[in-house]
Amino acid sequence: MRGLNTYESFTAVINRVSIDARKADAIIATGDLVQDETRQGYERFRNAIGKLNVPVHCIPGNHDSPRIMAETLSKAPFHFCGTHAYGGWRLIMLNSAVRWDDGGRLEANQLKILESTLAKHPDDHVLVGLHHHPLPTGCRWLDGLGLRNSDEFFEIVDRFPNIRAVAWGHVHQAFETLRNDVLMLSTPSTGSQFLPDSDVFMMDSRPPAYRWIELHPDGSIETEVVWLS
C-alpha cells in the first residue's frame, strides 16, 4: 500500500514487541486490521500476532469487515469488542465502524454498553478503546472523518470520573492530550503514517510504530510510542 508491504511492516512490529524488555499483558488492536475484508487476511493477522501468546482485544475500523472479524477473532486469546477486567482496570472496547463511511458512529447499543458497564463497575479504573477519533487532532481533512456523534460519547464519559483514558487508531499518527483529566491518545499505524497538522491528505515519512500503555493500580498511566528504525 503506497509502496509499503504492510504485512512485512506489521510482522516487524510484532518481532520488535516480542524482544522488548517489557512483557505485554494484553494487546489492543484498534481497527483497520485488514484492507480487503477477506477471511484469509484476518487469519494471517491471527497467526502473526498470536505468536505473542497474550490476549488480543480487537475492534473494527472503517476498512474492516466486522462480521468476518468477529467470526475469526473471537476465540481466546482473541476478543472482539466487549469489556474485560485486568486487576483494578477495565477495558471497554467499542465498535465505531459504519458501513460505507470512513467516519464513525457509536450506535445506541454501543453507547448502552459503555454506560451500563461504567455504572456497574464504579470502582474500576477504565480505558475505553474505539477506532475513530472523538476529538479533533489538527488535520482538517482527517477531522471530518472522526466519530460523528462524539457529543453523545462525551456526554457519557463526562459523567464517570473513573474513566482514565480513551485510545483510538484511524489517524495514522501519534496524538496525546488531556480532556477533563482523561488521557486521550492515538497510536500510529504498523504501516505508513499521515502527516500531522495537515489541511489536505499527505503521507508522513515516519516509520511503523506501536504504543506501550502502562496502567498502574492507582489509576495513573505511563505511555510511550516506539518507532521502528
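Annotations for the structure displayed:
- Checked against (1) in contact with a strand residue (DSSP E or B) (Cβ under 7 Å, 6 or more places away or on another chain); (2) crowded, with 19+ Cβ neighbours inside 10 Å, residue 45 passes all but condition (1).
- Number of residues in region 153-173 that are of a type in the set (A, V, I, L, M, F, W, C), more than 12 Å from the chain's Cα centre (by Cα) and part of a loop (DSSP other than H, G, I, E, B) equals 1.
- The set of residues from region 129-146 being within 18 Å of the chain's Cα centre (by Cα), of a type in the set (A, V, I, L, M, F, W, C), surrounded by 18 or more Cβ atoms within 10 Å (Cβ to Cβ) and outside any helix (DSSP H, G or I) comprises just one member, 130.
- Contact annotation: residue pairs with Cβ atoms under 6 Å, 6 or more positions apart or on different chains, pairing a residue in region 197-224 that is at positive phi with a partner that is modelled with pLDDT of 95 or more, are 219/125; 219/164.
- Residue count, region 25-48 (criterion: assigned to a helix (DSSP H, G or I) and either farther than 26 Å from residue 99 by Cα or basic (Lys, Arg) (or both)): 5
- Residue within region 109-132 that is of a type in the set (Gly, Ala, Ser) and modelled with pLDDT under 95 present: no
- Among the candidates 183, 178, residue that is part of a strand (DSSP E or B) and surrounded by fewer than 16 Cβ atoms within 10 Å (Cβ to Cβ): 178
- Condition met for residue 223 (surrounded by fewer than 17 Cβ atoms within 10 Å (Cβ to Cβ) and either at pLDDT 95 or above or in a strand (DSSP E or B) (or both)): yes
- Residue match in region 32-55 (condition: under 29 Å from residue 121 (Cα atoms) and touching a residue at least 60 places away in the same chain (Cβ under 8 Å)): no
The values are calculated or read from the model by the stated rules, or taken from the named source; none is laboratory data. As the structure is a prediction and not an experimental result, all values here were calculated from the model. In this analysis, Cβ positions are derived from the backbone assuming ideal geometry, glycine residues included, and neighbour counts consider all displayed protein chains.
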